[in-house]
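Structure first, then comments.
The numbers here are math on the coordinates, done by the rules we state, and not lab data. Source: prediction; values computed, not measured. All Cβ positions, even for glycine, are placed from backbone atoms using ideal geometry, and neighbour counts span all protein chains on display.
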């Protein structure tokens, strides 16, 4: 059961369970709303109910006044949906965000490539006459019959190529979903996905130098972004640091090297964290954040950074960037939240990172 | 397509534009003379994000309705003689401690934020400080109104402003705020805005308000809710200010770290009064101080400082010592007040067996070993008519102004003493935390007005205890001494005898 909740000004719609609060649902979907006490006393999470009915539940009469209740306010941390609801919250509007409606797509697997020993590249080609509109960096939810559900994968191709989506999928040891992709999917298979989702996209209107930090298959979003920016003729410096374990785990190297040769403002830095010391690798060694600190001499002020990869890599990178004086306003991250992620204890110091 | 509706943030920006300007008749540095001497560097005041987006017009409307609601409850409480329905006559001593020890600090906070708002040159923090200043004024006013009803029946609160400036234990919270208010504007913001209103606020208000709720004191619960609805702004301001300072310039980090260390420790010492209240003074217990510390500091503070570590800020120095203290601080404070009950404006008592068992259960590591035997001995002495009073005056810590009764970290049988020498004089401290604070700014703390020193210097009405109590305006035999035998107890027993008669 449950109801749909649309959050303005984002225009995004999410599903909320019957006993779930608006705040909980939003945080679990990666939508940050201002909040503090979490149980209806302080009023920090006050939002406007533009449409639909909510139950204010335990909202304190001092934190949510009678006149506010009749003016259509509620507290996100206590309110439950009685209906499909639209709220307006104090979320900064992003001039670079395009509103693209999520749609269901049917596609055919037209290519499968072994990018490394455990990463496959899949091309899902849409039916003739169908195209997909998306912002570079967004993802799709691929329907996986083996788990009767979906898994999220970032789109690796740029939006200029709108007749297909390329996905880069690593086999998660013991993972049913990625196991299905690796073992069962064949060229010619029909697949279904929905999208595009996510707010991980380039804030192009800000201009200035860009830093992309990617771990493993987390490079797929930056790949799409960099190809898109290059195609549009972005002139400010762009750097991609792609971290993997060993040379055997590195892929798309030729593509990025070629791009760097063609676009002098683009710099490509592959980084290996577990390459045997005696190997012939002459490039950077170490974790992504360590390499970033070396390359930029611990000074990141003035850049905008896009981080995509496993949570420890993102956490370490945020730490390095902040020590180098790049703060939340200029750091964007992509991490796929699972149901348990909203439960981790976070202080209200940071909103997105 | 219809023109797009403005977002809340844009609407606010349009309503408040032009609040700030560069002065021309006078240089900005002359108009704002205090926001540079602390060494804090601000490169861009406009980077301050106003987290509230509340206009003064809306502010008045909200606060007016909060007041209407609160006073409706207070009137009902008074009309229904709510004071007779609290859990026990002892409970009122919690309210006394709050009104005498905490409420005057709301007024100090009001003055501090008014001053600080005036002296920060950014419009965003100025408006936030102005609103918080008004909030604090509202808080003290509603607290006085709430508690004035108790004053009709119970002793010890009628002279609270006079006592606040003189009485030995009230100098503990007073000196905390005096210290903050005589610092520069940025230190005040870290001290009160961040350390007090953000890191420690839940340890102050939740125990008092939950305590009131558990003990049938609806009027205090209601002012608690009313005040807490303002806290969202205060907490957000506290977070905003520390982020702002840390992001503005790398040179700010060591300064802010020093303030965080200092104000965490000072706050922890003041909260010892709350610890004692929770463990000893509430007839119906909410949770132990140790449990509250675990939830509100160890867990919540842990995630806070983990996030702030990204800025290079460390958890407060001595946070580990404070956590270890949570096993002892309430017991050691209650021991002090029990011994000096003749000089305190609220009543004390030895816990009964049920209460002792609760303490044994909540403090399995320490209570039976270090405190229960002492309480049992003192109870036995009471029975024999030899109730123990300490006739001497205690030595006070030069910084926190608490009697030197706390023990060494790791050895609860040995009193901790620290000292520093400045200008040929020796100054004494209860802990490494307080000594560090003194050593960081000795020229400030050598000036402390220490109640016991003042008595010995003849500044407090005379040399004997009756002289000093007279100077405190303590109504001897009513305001002070044990609950058992007090006019409060007599009145409470009469009410309940009356209720029992009606019930028959």
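Send over the Kirkwood Rh of the protein assembly as shown, from the inverse of the averaged 1/r over different Cα pairs, rounded to one decimal Å.
For the protein assembly as shown, inverting the mean 1/r across all distinct Cα pairs yields 30.5 Å.
Sort A:35, A:117, B:162 by Cβ crowding within 10 Å, fewest neighbours at the top.
Result, fewest neighbours first: A:117, B:162, A:35.
Just want the ordering: B:68, A:123, from fewest to most Cβ atoms lying within 10 Å of their own Cβ.
B:68, A:123
With a/c under 1.5 counting as rounded, go ahead and sort segment A:204-343 into rounded, prolate or oblate using the C-alpha gyration tensor (a ≥ b ≥ c being the square roots of the eigenvalues; past the cut-off, prolate if a/b is larger than b/c, else oblate).
Working: a/c = 1.36, a/b = 1.03, b/c = 1.32.
Because its axes are fairly even, with a/c under 1.5, segment A:204-343 counts as rounded.
Give me the extension gain from residue B:386 to residue B:463: residue separation times 0.36 nm, minus the current Cα-Cα distance, reported in nm with one decimal.
Contour length minus Cα-Cα distance gives 25.2 nm.
Over all residues in B:223-232, what is the mean tally of Cβ atoms on other chains that come within 10 Å of each residue's Cβ?
Whole-number average of other-chain Cβ neighbours for B:223-232 is 5.
Within 10 Å of each residue's Cβ, count the other Cβ atoms and sort A:315, B:408 from fewest upward.
Ascending Cβ contact count within 10 Å gives the list B:408, A:315.
Quick check: pseudo-label points 7 Å beyond the Cα along Cα→Cβ at residue B:21 and residue A:267, how many nm apart are they?
4.6
Compute the distance in nm between two label points, each set 7 Å from the Cα along the Cα-to-Cβ direction, one at residue B:377 and one at residue B:456.
Going from the residue B:377 label point to the residue B:456 one covers 2.6 nm.
When the C-alpha atoms of segment B:398-451 are aligned to their principal axes, what extent does each axis show, in angstrom, from largest down?
32, 21, 17
Under a plain spin-label model, where a point goes 7 Å from the Cα along Cα-to-Cβ, how far apart in nm are residue B:473 and residue A:15?
6.7
Angle check, please: helix A:311-323 long axis (alpha carbons) against the longest principal axis of chain A (alpha carbons), in degrees 0 to 90, nearest 10.
Once rounded, the angle reads 90 degrees.
What shape does segment B:286-430 take by its C-alpha gyration tensor, where a ≥ b ≥ c are the square roots of the eigenvalues and a/c under 1.5 counts as rounded, a/b above b/c as prolate, and the rest as oblate?
oblate
Any idea how far the Cα center of segment A:267-332 sits from the one of segment B:284-335, in Å?
Cα centroid to Cα centroid, the span is 35 Å.
How high is the FRET efficiency from residue A:253 to residue B:29, r the C-beta distance, R0 51 Å, rounded to 0.05?
For residue A:253 and residue B:29, the calculated efficiency is 0.35.
Within the protein assembly as shown, what percent of beta bridges assigned by DSSP are antiparallel, to the nearest 5?
Close to 65 percent.
Along the principal axes of its C-alpha atoms, what lengths does chain A span, in descending order and rounded to whole Å?
Reported extents, whole Å, longest axis first: 71, 49, 39.
With everything on Cα atoms, drop me the angle between helix B:201-214 and the longest principal axis of chain B, reported from 0 to 90° to the nearest 10.
Approximately 50 degrees, to the nearest 10.
Cα axis of helix B:329-339 to longest principal axis of chain B: angle in degrees, 0 to 90, nearest 10?
50
Taking 0.36 nm per residue of separation and subtracting the Cα-Cα distance, what length does fully extending residue B:426 through residue B:501 add? Provide the component values of the computation, followed by the final result.
On the way: separation 75, 0.36 × 75 = 27.00 nm, distance 6.21 nm.
Gain on extension, residue B:426 to residue B:501, equals 20.8 nm.
What is the Å³ per residue value for the convex hull set by the Cα atoms of segment A:103-197?
89
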